[in-house]
Amino acid sequence: MADIRNIVILTGAGVSAESGIDTFRDAGGLWEKHRVEDVATPEGFARNPDMVLGFYDMRRAAIQTKQPNAAHEALARLDELWGGELLIVTQNVDDLHERAGARRVLHMHGTHLNAWCTACDVRSPWTGPLIDRPPCPACGTNALRPDVVWFGEMPYEMERIYASIRRADLFVSIGTSGAVYPAAGFVRDARELGVRTLELNLERSQGSHWFHESRQGPATQLVPTWVEETLTGLGG
Ligand code: BV8
């Protein structure tokens, strides 16, 4: 453990599941109720913008009624106390990491709490609905879309993510199925760079074989334990 200084943590929907936010692929998950192609692609948005805006309005309203859980809180504590480099790369579009107090957070798939104007390209903080086509706060045009990365679109800050993985001593993946790229490929990139890799997930993910160690269980149990180990220098 002594030689671990720089840490990259990838989180997915599983870290917010115990806060009552639906995951995508688990039983009763979002993709059981909605066709990905219809609600999370630029083509789906062009075909039926009301369906897509309604889908994200529902989720944007829902996350504002949820609270961070013990996993978010433990990661915020690690962020506060860790003297080395640390970056929480989240695939989640909720703000629970930040509401728990984490600061070194990067949303590679965007956030529910911004609206993105397709006319002037400005991203504005947003908590209300978009389905009634409100004007852009910057240019007044009625061309706002959710600030999330849809399938076929380039995730955000990829260079910053790869640079952090190149400098990392430890890569930890929490609550993600490893089903969606490029995020699902980070563990392999890290492994090939000689970085130590650890998975904390309810069940083994699709990329589980790439991890040096894989622990199964709920994030609210696994994450506080791992953070304690890491802060007391006992972790692996
Ligand atoms: C792109 C935002 C070009 C929107 C999302 C290579 C091979 C094959 C396909 C591709 C490839 N490269 C690109 C593709 C295409 C595609 C892709 O990967 N398709 C898949 C389906 C095969 N990727 C893209 O289109 C990406 N863009 O590639 O651009 C490019 C190419 C190269 C380099 C750069 C760019 C864009 C993808 C982003 C799409 N947007 N979300 C929204 O939120 O609505 S993806 C969305 O699903 C999430 O953000 C996340 O990324 C992904 C997976 O979800 P998870 O978070 O993992 O959730 P899931 O439900 O799947 O799993 C939950 C896990 O938690 C489970 O393992 C479960 O066991 C665990 N769990 C549950 N409860 C708990 C728990 N764990 C602990 N505790 C608990 N309590």
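Which members of the range 71-96 meet the condition of being over 21 Å from ARG167 (Cβ atoms) and either out of contact with any Gly (no Cβ under 8 Å at 6 or more places or on another chain) or not β-branched (Val, Ile, Thr) (or both)?
To start, the set of residues in the range 71-96 that are over 21 Å from ARG167 (Cβ atoms) comprises 71-74, 76-77, 92-96.
Residues satisfying the conditions are ALA71, HIS72, GLU73, ALA74, ALA76, ARG77, ASN92, ASP94, ASP95, LEU96.
Collect the residues in the range 207-227 that are more than 13 Å from the ligand (Cβ to nearest atom), in contact (Cβ under 8 Å) with a residue 12 or more places away in the chain and out of contact with any strand residue (DSSP E or B) (no Cβ under 7 Å at 6 or more places or on another chain), keeping them in residue-number order.
VAL227 - this is the single residue of the range 207-227 that is more than 13 Å from the ligand (Cβ to nearest atom), in contact (Cβ under 8 Å) with a residue 12 or more places away in the chain and out of contact with any strand residue (DSSP E or B) (no Cβ under 7 Å at 6 or more places or on another chain).
Go through the range 169-178 residue by residue and tally those that are more than 10 Å from the ligand (Cβ to nearest atom) and open to solvent by 10 Å² or more (accessible area, probe 1.4 Å). Full working, then the answer.
Let us first name the residues in the range 169-178 that are more than 10 Å from the ligand (Cβ to nearest atom), namely 169-172.
Still in the running and open to solvent by 10 Å² or more (accessible area, probe 1.4 Å): 169.
Here the count works out to 1.
Looking only at helices (runs of 4 or more DSSP H) that lie completely in the range 16-70, which have at least 3 residues being charged (D, E, K, R)? Spell out the reasoning first.
Details: elements: 30-33, 36-39, 42-47, 49-63.
Ranges flagged: 49-63.
For the list (1) assigned to a loop (DSSP other than H, G, I, E, B); (2) touching a His at 6+ places or on another chain (Cβ under 9 Å), I need the number of the one condition that THR197 fails.
Failed condition: (1).
Determine whether the range 117-126 contains at least one residue that is over 30 Å from ASN6 (Cβ atoms), touching a Ser or Thr at 6+ places or on another chain (Cβ under 6 Å), open to solvent by 50 Å² or more (accessible area, probe 1.4 Å) and in a loop (DSSP other than H, G, I, E, B). Break it down into steps so the answer makes sense when it comes.
In the first step, residues of the range 117-126 are kept if they are over 30 Å from ASN6 (Cβ atoms); the result is 117-122, 124-126.
Filter once more, keeping what is touching a Ser or Thr at 6+ places or on another chain (Cβ under 6 Å): 119.
Narrowing further to those that are open to solvent by 50 Å² or more (accessible area, probe 1.4 Å): 119.
Subset that is in a loop (DSSP other than H, G, I, E, B): 119.
Looking through the range 117-126, at least one residue is over 30 Å from ASN6 (Cβ atoms), touching a Ser or Thr at 6+ places or on another chain (Cβ under 6 Å), open to solvent by 50 Å² or more (accessible area, probe 1.4 Å) and in a loop (DSSP other than H, G, I, E, B).
Given (1) closer than 26 Å to ARG160 by Cβ; (2) surrounded by fewer than 17 Cβ atoms within 10 Å (Cβ to Cβ), identify the lone condition not met by PRO68.
It fails just one condition, (2).
Within the bounds of the range 13-25, is there any residue that is open to solvent by less than 10 Å² (accessible area, probe 1.4 Å), at pLDDT 95 or above and away from the ligand (no atom under 11 Å from the Cβ)? Let's see the steps before the verdict.
First, the residues of the range 13-25 that are open to solvent by less than 10 Å² (accessible area, probe 1.4 Å): 15-16.
Okay, now just the ones that are also at pLDDT 95 or above, so 15-16.
With away from the ligand (no atom under 11 Å from the Cβ) added as a condition, the list becomes none.
No; the residues of the range 13-25 include none that is open to solvent by less than 10 Å² (accessible area, probe 1.4 Å), at pLDDT 95 or above and away from the ligand (no atom under 11 Å from the Cβ).
The values are calculated or read from the model by the stated rules, or taken from the named source; none is laboratory data. A quick note: this is a predicted structure, and the numbers were derived from the prediction, not measured. So basically every Cβ, Gly included, is an ideal-geometry build from the backbone, and we count neighbours across all protein chains shown. Note: accessible area is taken over every heavy atom of the protein model, side chains too, but ligands, DNA and RNA are not part of it. Shrake-Rupley method; radii C 1.70, N 1.55, O 1.52, S 1.80 Å.
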